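The values are calculated or read from the model by the stated rules, or taken from the named source; none is laboratory data. Just so it is clear, the model here is predicted, and its values are computed rather than measured. Glycine also receives a Cβ, built like all others from the backbone with ideal geometry; neighbour counts cover every protein chain displayed.
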Amino acid sequence: MAKGKKGAAGEVAARVPAATVKLSGGETFYTLGGIAELFGMCRKTVWQWKRAGRLPGVKLGKQYYVAESTVKALLEGRTGHK
């Protein structure tokens, strides 16, 4: 776990997959494949989360991106999804 980080959200920062984009504003965005790699799960599951509204994001070109803050909220159980 990264120094100064706590809980599961800190683990996100410690295990950044290759499929990420960092914008000039400082926010990091993950592709759905990157999220699957980060969690060690099937891409199909991540796509199902997207379709169910658990991973809101933005599509740019052919890629769909999810903000790091959204991924952290999902890890902490703050998605509001039932």
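Per-structure values
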read-out: Out of Phe39, Phe29, sole residue that is in contact with a Leu (Cβ under 8 Å, 6 or more places away or on another chain) and at pLDDT 75 or above; value: Phe29
read-out: Condition broken by Thr20, with the remaining ones in (1) at pLDDT 85 or above; (2) touching a strand residue (DSSP E or B) at 6+ places or on another chain (Cβ under 8 Å) satisfied; value: (1)
read-out: Selection within the range 19-33 - more than 19 Å from Gly77 (Cβ to Cβ) and surrounded by 15 or more Cβ atoms within 10 Å (Cβ to Cβ); value: Ala19, Thr20, Thr28, Phe29, Thr31, Leu32, Gly33
read-out: First in the range 37-56 and at negative phi, second anywhere and surrounded by fewer than 16 Cβ atoms within 10 Å (Cβ to Cβ), Cβ under 7 Å, 6 or more apart; value: Glu37/Pro17; Leu38/Arg15; Leu38/Pro17; Ala52/His81; Arg54/His81
read-out: Total residues in the range 50-59, condition more than 17 Å from Ala73 (Cα to Cα) and in a loop (DSSP other than H, G, I, E, B); value: 0
read-out: Count of the range 34-49 residues which are within 20 Å of Gly77 (Cβ to Cβ) and surrounded by fewer than 16 Cβ atoms within 10 Å (Cβ to Cβ); value: 4
